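Following: one structure in structure tokens, then a few remarks.
The values are calculated or read from the model by the stated rules, or taken from the named source; none is laboratory data. Keep in mind that what you see is a predicted model, and the values were worked out from it rather than measured. Backbone-built Cβ (ideal geometry, glycine too); neighbour counts: all protein chains shown.
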């Protein structure tokens, strides 16, 4: 006999009731609200992201991968503020309530939650076009913001760029790839690593930080805009992911500069603290790469901050801007 | 010249940057996360709700009304826990970025936010089928939960029921109504009043509470299930909204019992505290209505709690269950 499609309360009970319940969770799923005990003497950092099927992920993608990525991209925003993950909510809109899909989704979500020690404390399930909205909250002692950078600060990225953007055509089935490369592509796109350890290493030293979700140039532009500075980058220093080189060849640098979805951090450090920041990172086995320097805000019609790029003495221009949401 | 459709950053800057920014908001919209200072010695209550166009509201509805209602239904969940509103986030998925719609939506949202003293601290805008997800957070000193009720407790509702369910066919254009009735219908459906004052009046006295979003019988069933009791209701006591009587005639009681969207509170009070609870309400000009009593959990296949209804000595049965989400 075919099992009936589960209703809202069954979805919560069957798939999400065993969610990890950690520190500070007084009352989780099942009441009008979750009740939470915020950590004493800390600020909270909170962020929300929506992923729409067919736009941010293929509608027929493995639900466990989609769920894991959805949580990871939010954890990346916590990392960008140097916040320790505490709890999250899930608002899930589903075209139909399909047990197999839900089981995969819940498995991927809760496994990722356990990996990062974050508790699922509430949510909503509705019927409609497949859409996933996750809001994460963490605690912060020493926040990393976007608005503290100044002229002369060094610009760093936490690791290789371009892999996720190069992987996207493979993920979408638009470009064939050998099985080994395909596995790397799936990993690059679906398993971004929130840079929580790196954020901790640079806290109190970095003047600004954010995670690269829309592309290095666009995102560094946000630091510049919020901090009132411009940036100069040496494109020869950009750490281009080897997967990007393998999949995109001569386009790899372009992808590293403008492709989104890598979720590395971009951060700035005043010159006098660069050595200490690098030391802190090395002690944790981390190797951020210096790619440029901030400069005084130039004259001209720069509504946002301006990022100027050079490669071997010549000005370098991206052929396309960063990811646009509309 | 036609204005270009705004992109994500323009949406935030143009429509939501002037959001009220109240207590505890260290850093609002514009960074990777909002930074928040939780109130000392209080728990936090948080809840999230998604509204899908064409399912939870007509796609062509006035965006200001839709926005106001979306925030109000979430504030109702805070009221149901006796939480004071602090801050909220908005995840907005839009088929296209339409300035007129956005202006109306932002106006309705921010006006409601000011009315309830809650700060918009972050969000996400994405392209896709129109979907609104709001997460609200409040602070709680004396929480009202669903799981504290016991046999013998009195069952109350905070006010008239059935108006929103009776209004729905008018809202959807399925039923004509005279202008005066139509205005009442719009008000009943789009302007539910979060019962924050009532929650405060009964805090420390009520044994359980929730807001009636899916219909009285279904929602009281949740209190019964979580508290391990059954309920007996006198249907003659149910406060049926006059609008429900006017629009639905003999169906009004059915709508009051099973229709959703009124967002009144249903709560239970131990017999010895009933008088004090009613006094506290009266001092605030509030007149909750006693509709029944909780009883020992009966034998039989009651997976959830069971709500038995009587009317003039006869058993009364609803013809339809409460709102189902799938």
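Some observations on this one:
- Selected residue [part of a loop (DSSP other than H, G, I, E, B) and over 28 Å from residue B:248 (Cβ atoms)] from B:204, B:173: B:204
- Hey, residue A:67 under 23 Å from residue A:214 (Cα atoms), outside any strand (DSSP E or B) and at the interface with chain B (Cβ under 9 Å from one of its Cβ atoms) or not: no
- Here residue A:100 clears all of (1) surrounded by fewer than 24 Cβ atoms within 10 Å (Cβ to Cβ); (2) closer than 30 Å to residue B:30 by Cβ except the condition numbered (2).
- From the list A:226, A:245, the one residue that fits, being assigned by TED's automatic domain parsing to the domain that holds residue A:294 and over 28 Å from residue A:270 (Cβ atoms), is A:245.
- Residue within the range B:149-170 that is on the phi < 0 side of the Ramachandran plot, surrounded by fewer than 24 Cβ atoms within 10 Å (Cβ to Cβ) and within 14 Å of chain A (Cβ to nearest Cβ) present: no
- Filter result for residue A:96 (in contact (Cβ under 8 Å) with a residue 40 or more places away in the chain and either out of contact with any strand residue (DSSP E or B) (no Cβ under 9 Å at 6 or more places or on another chain) or part of a loop (DSSP other than H, G, I, E, B) (or both)): yes
- Selected residue (only one of B:109, B:168, B:172, B:196 is modelled with pLDDT of 95 or more and assigned by TED's automatic domain parsing to the domain that holds residue B:239): B:196
- Residues located in the range B:248-297, provided they are closer than 21 Å to residue B:184 by Cα and over 24 Å from the mean Cα position of the chain (by Cα): B:249, B:250
- For the range A:14-55, a tally of residues being in contact with a helix residue (DSSP H, G or I) (Cβ under 9 Å, 6 or more places away or on another chain), in a loop (DSSP other than H, G, I, E, B) and within 13 Å of another protein chain (Cβ to nearest Cβ) returns 5.
- The range B:239-326 holds helices (runs of 4 or more DSSP H) entirely within its bounds, and those carrying 2 or more residues that are surrounded by fewer than 20 Cβ atoms within 10 Å (Cβ to Cβ) and modelled with pLDDT of 95 or more map to B:242-248, B:274-283.
- When B:206, B:231 are screened for being within 14 Å of chain A (Cβ to nearest Cβ), at pLDDT 95 or above and over 15 Å from the mean Cα position of the chain (by Cα), only B:206 passes.
- Number of the exception - residue B:89 against (1) farther than 15 Å from residue B:125 by Cα; (2) within 14 Å of chain A (Cβ to nearest Cβ); (3) outside any loop (DSSP other than H, G, I, E, B); (4) without any contact (Cβ under 8 Å) to a residue 60 or more places away in the chain: (1)
- Inside the range B:118-147, residues that are at the interface with chain A (Cβ under 7 Å from one of its Cβ atoms) and within 21 Å of residue A:125 (Cβ to Cβ) make up a count of 9.
- Flag set for residue A:98, criterion: modelled with pLDDT under 95, under 23 Å from residue B:131 (Cβ atoms) and more than 9 Å from chain B (Cβ to nearest Cβ).
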